[in-house]
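Working notes for the structure below.
The values are calculated or read from the model by the stated rules, or taken from the named source; none is laboratory data. Being a predicted model, the structure only gives us computed values, none of them experimental. Cβ sites come from the backbone with ideal geometry, for glycine too, and all protein chains shown count toward neighbours. Heads up: the accessible areas ignore ligands, DNA and RNA and are worked out on the full protein's heavy atoms, side chains in. Shrake-Rupley method; radii C 1.70, N 1.55, O 1.52, S 1.80 Å.
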Amino acid sequence: MRPLAVLLLGLWALAQGLTFPKSTLYVEQGGKRHLLKVEVADTPERQAQGLMFRKALAEDEGMVFLFPAPTNGGFWMKNTLIPLSIAFFDRQGVILRILDMEPCRADPCPVYYPLAVYQGALEVNQGWFARRGLTPGARVGGEALKLWPK
């Protein structure tokens, strides 16, 4: 989606008081499972809003983006106030790439591309994956994935 269209859709969603389903996820690797409470961005409106304008995110909380079909699109941080890490994963939950993203309040904001085809993305506080030793190849699973759009 083009950045201006995403921004407009996100602002429209905010004006509508958009809410997100809440659920749980885990990320596991090397026999260790790390639990998260997540909000689910499963529609274009929720995906456009994401974590915009949030001032804080608890340590074991995040937002999972679930797409109905594989994509290779990028994420941007326009109006996102929290430094985030994002893990892009495939339909089987395998993490393909992890990136750190910085807040952006003024254009032009960089776009963060995974350089991979993915179907889900998990945003958490920056450094969450690194602090737990999680790398590409780790697996995402849990109740939130039952909300994957068809």
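With the contact rule set at Cα under 8 Å and sequence spacing of 6 or more, what percent relative contact order holds for segment 68-137?
Normalised by residue count, the contact order of segment 68-137 is 42 percent.
Go through Thr19, Thr24, Thr71, Thr80 and list them by solvent-accessible area, largest first, probe radius 1.4 Å.
Thr19, Thr24, Thr71, Thr80
Can you give me the solvent accessible area of Glu102 with a 1.4 Å probe, rounded to the nearest 10 Å²?
90
What net charge do the residues around Cys104 carry, taking every other residue with its C-beta under 15 Å from that of Cys104, with Lys and Arg at +1 and Asp and Glu at -1?
-1
Using a 1.4 angstrom probe with every protein chain in place, what is the largest-first accessible-area order of Arg132, Arg33?
If we order Arg132, Arg33 from most to least accessible, we get Arg33, Arg132.
Helix-only estimate, please: 222 nm mean residue ellipticity of the chain, summing -39500 (n - 2.57) across DSSP H runs of length 4 or more and dividing by its residues, to the nearest 500.
Computed ellipticity for the chain at 222 nm equals -4000 deg cm²/dmol.
Against the longest principal axis of the chain, how steep is helix 3-15, in degrees 0 to 90 to the nearest 10, with axes from Cα atoms?
90
Under the definition of Cα pairs under 8 Å and six or more residues apart, what whole-number percent is the relative contact order of the chain?
27
Hey, of (1) 174; (2) 134; (3) 99, which did the structure itself give for volume of the Cα convex hull per residue in Å³ when calculated?
Identified label for the calculated read-out: (3).
With all protein chains present and a 1.4 Å probe, how do Asp90, Asp60, Asp107 order by accessible area, largest first?
The residues order as Asp107, Asp60, Asp90, largest area first.
Give the lysines reachable from Lys32 as a straight Cα distance under 29 Å; neighbours fewer than 8 places away on the same chain don't count.
Lys22, Lys146
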